[in-house]
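Each remark here refers to the structure printed beneath this line.
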Amino acid sequence: MTPTVRQPRLDPRAPLVLDTRELGRRPGTMREVRRTVPAPTDLGNGVIGVPQEGSLELDLRLESVMDGVLVSGTVSTVAEGECVRCLDPVREDVVVDVQELFLHEPPEEGDEAELPLLDGDLLDLEPTVRDALVPALPFQPVCEPDCPGLCSRCGARLKDDPDHGHEELDPRWSALAGLTDTLGGTDAQADTAAAAPADPDRPQEEKS
Ligand SMILES: [Zn+2]
Ligand SMILES: [Zn+2]
């Protein structure tokens, strides 16, 4: 934002536009703002963010200072996303500190050139909230710190099945495994024996 360009006229009804009229430009006056407002759209980083129907809790202090209005306090919300390991939904409480000086007039030059401006009595806190909140969100949200994720072979949720694993199936081993099955279960043997006489292609062993 260049200091010589005025912000477009702000909409006083926008959720994050605050009215400072009560401060009356008298340095030292202070007002507290505690309210819950609808969250602006796209407040997130792609993997986690404040949902469309989400809200922000503002707990702010507006203070009239020599050159403008100092806004400080906290913004709290709940971000929603997906665990990057197991894709379970993730909800995360987020509380960030905000502090921003809004100037009455664009400065001639100097360090304050980057500061946002008041639009009459109004100020737009949305860029400040965005700058504070988005970097505070996790880039790799997880449902719990030690989430084991999904099995890379079959996609099973390892959280539900900690002993989950797959035998390494070399063809030779699978033949052996089949043999072990045949010798192992008595039920399986009984079934095989019972089924054999019913097979018409099988030679009748009893008559030999
Ligand atoms: Zn997870
Ligand atoms: Zn698996």
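The values are calculated or read from the model by the stated rules, or taken from the named source; none is laboratory data. Everything numeric in this text was worked out from a predicted model, so none of it was measured. Positions of Cβ are generated from backbone atoms using ideal geometry, with glycine treated the same way; all protein chains shown enter the neighbour counts.
For this structure, a couple of remarks:
- Test result for residue 127, under 18 Å from the mean Cα position of the chain (by Cα), surrounded by fewer than 16 Cβ atoms within 10 Å (Cβ to Cβ) and at pLDDT 95 or above: no
- Unique residue being at pLDDT below 95, in contact with a helix residue (DSSP H, G or I) (Cβ under 9 Å, 6 or more places away or on another chain) and either among the aromatic types (Phe, Trp, Tyr) or surrounded by fewer than 17 Cβ atoms within 10 Å (Cβ to Cβ) (or both) when the list is 27, 106: 106
- Entry remark, the range 45-90: residues being hydroxyl-bearing (Ser, Thr, Tyr) and either crowded, with 19+ Cβ neighbours inside 10 Å or within 30 Å of residue 158 (Cα to Cα) (or both) number 2 in total.
- Filtered residue count, the range 125-161, keeping only those that are near ligand 1 (Cβ under 10 Å from one of its atoms), touching a strand residue (DSSP E or B) at 6+ places or on another chain (Cβ under 9 Å) and hydrophobic (A, V, I, L, M, F, W, C): 4
- Sole residue being within 16 Å of ligand 2 (Cβ to nearest atom) and either within 30 Å of residue 150 (Cβ to Cβ) or not aliphatic (A, V, I, L, M) (or both), chosen from 133, 87: 87
- The residues in the range 51-84 that are away from ligand 1 (no atom under 16 Å from the Cβ) and under 25 Å from residue 149 (Cβ atoms) can be counted, and the count is 2.
- Residue 131, sole failed condition from (1) assigned by TED's automatic domain parsing to the domain that holds residue 58; (2) in contact (Cβ under 8 Å) with a residue 40 or more places away in the chain: (2)
- Residue that is part of a strand (DSSP E or B) and exposed (fewer than 13 other Cβ atoms within 10 Å of the Cβ), where the choices are 93, 146: 93
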